[in-house]
Amino acid sequence: MFGREHQTGLQGVSSTSKRKLRREEAVVEGVKRWLGNPISKLTLRLICSRDKHGENRLDIALRRYTGEDVPCNIWDRFTSFLVSLTLEKGSSIFGYSTGDLKKSLRDEIVRRGIINVLEGIARYGVRRPFVSAAPFLVVWNYTTLCNLRCRHCYLRAGSKPAEDELTTEEAKKVVDDLASAGVVAIAFSGGEPLLRKDIFEVAGYAKSKGFYVSLATNGATIIPEVARKVKEVFDYVEISLDGFEETHDQFRGVRGAWRRTCEGIRNCVAEGIDTCVAVTATRYNFEEIPKLIEFAEKELGVHRVIVFNYVPVGRGKDMVEADISPQERQKLLKYLYMRMMGSRMMCYSTAPQYSVVSLELAGSPVVTHFASSGTMRLQGRTKALADFIGGCGAGRLYCGLEPNGDIVPCVFMPIVIGNVRRDRLQDVWHSSELLWELRNRDEIKGCGDCEYRYICGGCRARAYGYFGNVLAPDPACIHNLEYWHQLRHPTPTAKAPSYSGDAGRAAT
């Protein structure tokens, strides 16, 4: 039960911390002004350009900075000089040792992330919120095949794969396309991705290409032998657990699912896999969540949980009565934040409102939006930085990929904006009108005037699910209570609000 908020002794921010926050915010504002300078933009474009062999000059410069002997020409050397100066100055300002910095930059995933950020700034400028040059994360619904019958399944997965799913060779070509685009992470989801026979072959291929590779699964098939194979390929595993036995089995549609899922979680933990428990918050499990987190930590051995928003999409459209109220969501998010601040348990949420809660409770750190599958674990130390990276990441930091190759802004937002069988992901990312609508927070109904629109902006998938338009309000927020009340208690003479303009309509 929630009762009082989880007590952590957090009494606000000390005067020393406040001075540090002001200093960091001044640095962030200074960097933003510097990047807005025309000469700086030109320099950044040079740094992020590619040589005649297609090699990224920034990647060459970062590798040279770590001490790697990389063949380069005069332009590469000049780029390396500029990057080295910038990194030395930046590490000094933020109190980060050059030794630690060089150690981090030896990780290809870290370098990919930095390149993605700087290329995004070079291409799009300093935007609030930030738009990356390519998706940091692609959530790939790898198959519609599933061994469970979950009531809230956004894909309507079932006992058979879709007839038009990508073949193994097509899937590998997709991995190559994502690599050339600059994508940092791939999350394999479903359906149940472990039921597709080539999952380890394709995920392993992605791993060999330098991606951060994660898995979203129901865990019911993860016996010790499977856990060992998962350990070889995946960096991170997210396993769904929506309550204790009765609640979970009813929600997942198969008796005995809870016991097999818990065993799968234990097997992953035993193999030393970075394992997270995922919970979709509904009225059916709302009161169980605190005890479920305790159970996950003490009995299952995990140290990370992520609470997903319920989104009325797929089979989830048939259970809108299960959505929790804005007040209940606020209470839950406060509990998650205070629970995380007072223990080793990392408590995340896909609700963009989580960043607002963290800002109001403590001021710092500001916990920004955590995308699906745990791969977008971002924390902004200041509100200035949170404005830059915060809020819903759909079409801005990540996108979804369907089993047949359809590209969508988010796996919870089934609006087709391209298909990898005919389109390059990078081209769609740069040119899609719908994605640019998602990136403009000022035009969102009910959220566009909010002071928190850049660190939150509401869940665009929920807006689309409830109102059929990505620019509609997110009725999950306590600042949008009027829309929640209109949905739940429409007057006899008034209809629920509609936002059925051109924005957000599915392509056919």
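Which residue pairs have Cβ atoms under 7 Å apart, sit 6 or more places apart or on different chains, and have a first residue in the stretch 324-349 that is over 17 Å from residue 302 (Cα atoms) and a second that is at pLDDT below 95 and among the basic types (Lys, Arg)?
The qualifying pairs do not exist here.
Among all residue pairs at least 6 apart or on different chains, which show Cβ distances below 8 Å where the first residue, located in the stretch 64-76, is of a type in the set (Gly, Ala, Ser) and the second is surrounded by 15 or more Cβ atoms within 10 Å (Cβ to Cβ)?
Close Cβ pairs (under 8 Å, with a partner that is surrounded by 15 or more Cβ atoms within 10 Å (Cβ to Cβ)) amount to 67/102.
Which pairs turn up if I take residues in the stretch 431-442 that are over 16 Å from residue 464 (Cα atoms) and look for partners that are open to solvent by 60 Å² or more (accessible area, probe 1.4 Å) with beta carbon separation below 8 Å, at least 6 apart in sequence or on another chain?
Once the first residue is over 16 Å from residue 464 (Cα atoms) and sits in the stretch 431-442, no partner that is open to solvent by 60 Å² or more (accessible area, probe 1.4 Å) comes close enough.
For residue 433, are the conditions met, namely being within 20 Å of residue 351 (Cα to Cα) and more than 20 Å from the chain's Cα centre (by Cα)?
In short, no.
So is residue 95 at positive phi, modelled with pLDDT under 85 and open to solvent by less than 80 Å² (accessible area, probe 1.4 Å) or not?
yes
Scanning for something open to solvent by 40 Å² or more (accessible area, probe 1.4 Å) and either touching a helix residue (DSSP H, G or I) at 6+ places or on another chain (Cβ under 8 Å) or of a type in the set (S, T, N, Q) (or both), does the stretch 129-146 turn up at least one residue?
no
Does residue 159 meet the test of being out of contact with any Pro (no Cβ under 8 Å at 6 or more places or on another chain), hydroxyl-bearing (Ser, Thr, Tyr) and open to solvent by less than 10 Å² (accessible area, probe 1.4 Å)?
The answer is no for residue 159.
Does residue 285 satisfy being under 29 Å from residue 165 (Cα atoms) and modelled with pLDDT of 95 or more?
So residue 285 does not fit the description; no.
Among the listed residues 429, 436, which satisfies the condition of being open to solvent by 70 Å² or more (accessible area, probe 1.4 Å), of a type outside the set (D, E, K, R) and either assigned to a helix (DSSP H, G or I) or in the same structural domain as residue 168 (by the TED database) (or both)?
Every option except 436 fails the conditions.
Which residues, taken from the stretch 280-290, are open to solvent by less than 20 Å² (accessible area, probe 1.4 Å) and over 16 Å from residue 300 (Cα atoms)?
280, 281, 282, 285, 286 - these are the residues of the stretch 280-290 that are open to solvent by less than 20 Å² (accessible area, probe 1.4 Å) and over 16 Å from residue 300 (Cα atoms).
Just to be sure, is residue 345 closer than 24 Å to residue 293 by Cα, modelled with pLDDT of 90 or more and either surrounded by fewer than 24 Cβ atoms within 10 Å (Cβ to Cβ) or touching a Ser or Thr at 6+ places or on another chain (Cβ under 7 Å) (or both)?
When the stated conditions are applied, residue 345 passes them.
With the structure loaded, tell me whether residue 453 is part of a loop (DSSP other than H, G, I, E, B), at pLDDT below 90, more than 20 Å from residue 282 (Cα to Cα) and under 24 Å from the mean Cα position of the chain (by Cα) or whether it fails that test.
Against the criterion (part of a loop (DSSP other than H, G, I, E, B), at pLDDT below 90, more than 20 Å from residue 282 (Cα to Cα) and under 24 Å from the mean Cα position of the chain (by Cα)), residue 453 does not qualify.
The values are calculated or read from the model by the stated rules, or taken from the named source; none is laboratory data. Given the structure is predicted, the values throughout are model-derived calculations rather than measurements. Here Cβ is always computed from backbone atoms with ideal geometry, including for glycine, and neighbour counts include all displayed protein chains. The area values use the complete protein model at the heavy-atom level, side chains included, leaving out ligands, DNA and RNA. Shrake-Rupley method; radii C 1.70, N 1.55, O 1.52, S 1.80 Å.
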